[in-house]
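Heads up, the thing below is written out as structure tokens.
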Amino acid sequence: MAAIQNGAGDMAGAVAGGILRFPDRPRMAPMPRPRLHLSPPSLVGGELATLSRTLTSGWIAPAGPVPEAFETALCDATGFAHAAAVASGTAALHLAYRVLGVERGDEVWTQSLTFVATIAPAVQMGARPRFLDVAPESWTLDPEVLETQLRLAARRGKLPRAVVPVDLYGQPADLDVILAICGRWGVPVLCDSAEALGAHYRGRPVGKGAAMAAFSFNGNKIITAGGGGALCSDDPALIARARHLATQAKEAAPHYQHETTGYSYGLSSVLASVGLAQIGALRARVAARRLVFARYAEALSDLPGLTLMPEPGWAQASRWLTVLQLDPARFGATPEELRRELEAANIESRPVWKPLHMQPAFRGARCHGPGQALRLFERGLCLPSGAMSSADQDRVIEIIRAGFRG
């Protein structure tokens, strides 16, 4: 009863003066807006049906009709005559280095502005990396720097075992020029096209014309299997050799016979079924990414000191990621300051790849060229580029425009 009376007394005090007052309550924090990611996986709707058929068939391991069907679809998409579906894009690069005969002490050349996986397998095999600069019109391997360095290497009698141009952020490298330069000295070209499935170079699929090209189906790629990769070539012997190494290099014998060591690099039927369901959407996915880029370009074109990744006339990039460059003196903010403002709004952005010659893993390495890769890193920022609504993209645009203080 006392408790009731006290409660009544409290209520009486709350209505004193004829005004009903309630005790102060903590304000509810506003619900955070959904996070926008750089390139989240996107499903087409047929994955569950394809997975169900695969599981019902009993094929789980990296063998059988589903990986084979995925490889056939990859050949259609890439223009290559042969493809080996493997566990990751890194695995595809590793197999390519093995197939090309990379050995301890060999040099492998690539551009400095790329992800570490481009060169990591070769370094792990004992090769020595040499990093080259990128061209300002494409952000990919600079043919002039390549030619100069190959000429010097020929004089020293130490040519690279392979040259690896990277189709950066979905932008094709100037492959015909690179092939012509490397062809003068008989150096094979391996394309790291992990980020560029669906892009085109001079009207043909990206990577086509190189000895081999490696692709990735990681969760953030335009076409994903939740993982996985592929090595493609027009040379059946190269793919046969890669496939042999990817299946532990087992020889044809009733017992386990191995003339060399290999790897367990095959793509499972489960992942292959996801990739198979997705790959039919490649053309539409590329068109959607290019539309995202076009909306950014239209909405931000008037901001001084802000530019977007260029596209040379010989390329049709997939625009896997939209990447901007900021001149802090004109824009009034640095890429890192803008990244933090986007992060505060629950929007993911990311600096451009840190050049490999600046990475502690390659301490002491240098980048041959005028320093374009370093400038792009210092001024670059990758923006959300995956499937998102116009309203979501407007959130990003609004924050970028608000960040302008020029």
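Sorted on the mean count of surrounding Cβ atoms within 10 Å across their residues, most packed first, peptides 114-121, 287-294 read 114-121, 287-294.
The stretch between ARG204 and LYS158, if pulled fully straight at 0.36 nm per residue, gains 13.3 nm over its current Cα-Cα span. Considering helices alone, the calculated mean residue ellipticity of the chain at 222 nm is -11500 deg cm²/dmol, with DSSP H runs of length four and up weighted by -39500 (n - 2.57) and normalised per residue. Within the set (1) 40, 22, 20; (2) 47, 30, 19; (3) 34, 24, 18, the number that semi-axes √(5λ) of the Cα gyration tensor in Å takes when calculated for this structure is listed as (2).
The accessible surface of region 40-184, taken with every protein chain in place and a 1.4 Å probe, is 56 percent carbon and sulfur. Using R0 = 51 Å, the C-beta based FRET efficiency linking LEU48 and MET358 works out to 0.70. Note on region 250-391: with neighbouring protein chains present and a 1.4 Å probe, carbon and sulfur make up 53 percent of its accessible heavy-atom surface.
So between GLU337 and LEU55, what do we pick up on full extension, going 0.36 nm a residue minus the alpha carbon distance? Can you show the working numbers first?
Details: separation 282, 0.36 × 282 = 101.52 nm, distance 4.83 nm.
Contour length minus the Cα-Cα distance gives 96.7 nm.
Sorting the segments 179-185, 62-68 by their residues' average number of neighbouring beta-carbon atoms within 10 angstrom, most packed first, yields 62-68, 179-185.
Reported to the nearest whole Å, the Cα centre-to-centre distance from region 252-283 to region 326-381 is 36.
The aspartates and glutamates within cross-link reach of LYS158, meaning a Cα-to-Cα straight distance under 15 Å and a gap of 8 or more places when in the same chain, are GLU103, ASP106, GLU107, GLU147.
To the nearest 10 degrees, how steep is helix 282-300 against the longest Cα principal axis of the chain, on a 0 to 90 scale? On a 0 to 90 degree scale, this one is about 60. How tilted is helix 269-279 with respect to the longest principal axis of the chain? Cα atoms for both, answer in degrees (0 to 90, nearest 10). With rounding to tens, the tilt is 80 degrees.
Distance from the C-alpha centroid of region 115-155 to that of region 59-100: 25 Å, rounded to the whole angstrom.
Once the C-beta distance of ALA344 and TRP314 is scaled by a Förster radius of 56 Å, the resulting FRET efficiency is 0.90 to the nearest 0.05.
I need the calculated FRET efficiency for the pair ALA240 and CYS75, taking r as the beta carbon distance and R₀ as 22 Å, to the nearest 0.05.
The calculated FRET efficiency here is 0.90.
Relative contact order for the chain: what percent, with Cα pairs under 8 Å and sequence separation of 6 or more? Write out the running numbers ahead of the final one.
Details: 827 pairs, mean separation 88.0, N = 406.
Contact order relative to length: 22 percent.
At 0.36 nm per residue, minus the direct Cα-Cα distance, what do ALA299 and GLN257 gain on full extension? Give it in nm, one decimal, please. Residue separation times 0.36 nm, minus the Cα-Cα distance, leaves 9.0 nm. For region 46-106, the set of trypsin sites (Lys or Arg not before Pro) satisfying both a DSSP loop assignment and a count of at most 13 other C-beta atoms within 10 Å is given as ARG104.
For the peptides 353-361, 37-45, the ranking by mean Cβ contacts within 10 Å, running from highest to lowest, is 353-361, 37-45. Electrostatic tally near ALA333: other residues with Cβ closer than 13 Å to its Cβ, Lys and Arg +1, Asp and Glu -1, net +2.
The values are calculated or read from the model by the stated rules, or taken from the named source; none is laboratory data. Everything numeric here is computed off the predicted structure, so don't read it as measured data. Please note: Cβ atoms are built from the backbone with ideal geometry, for glycine as well, and neighbour counts cover all protein chains shown. In case anyone asks, the SASA skips ligands and DNA or RNA and just uses the protein heavy atoms, side chains included. Shrake-Rupley method; radii C 1.70, N 1.55, O 1.52, S 1.80 Å.
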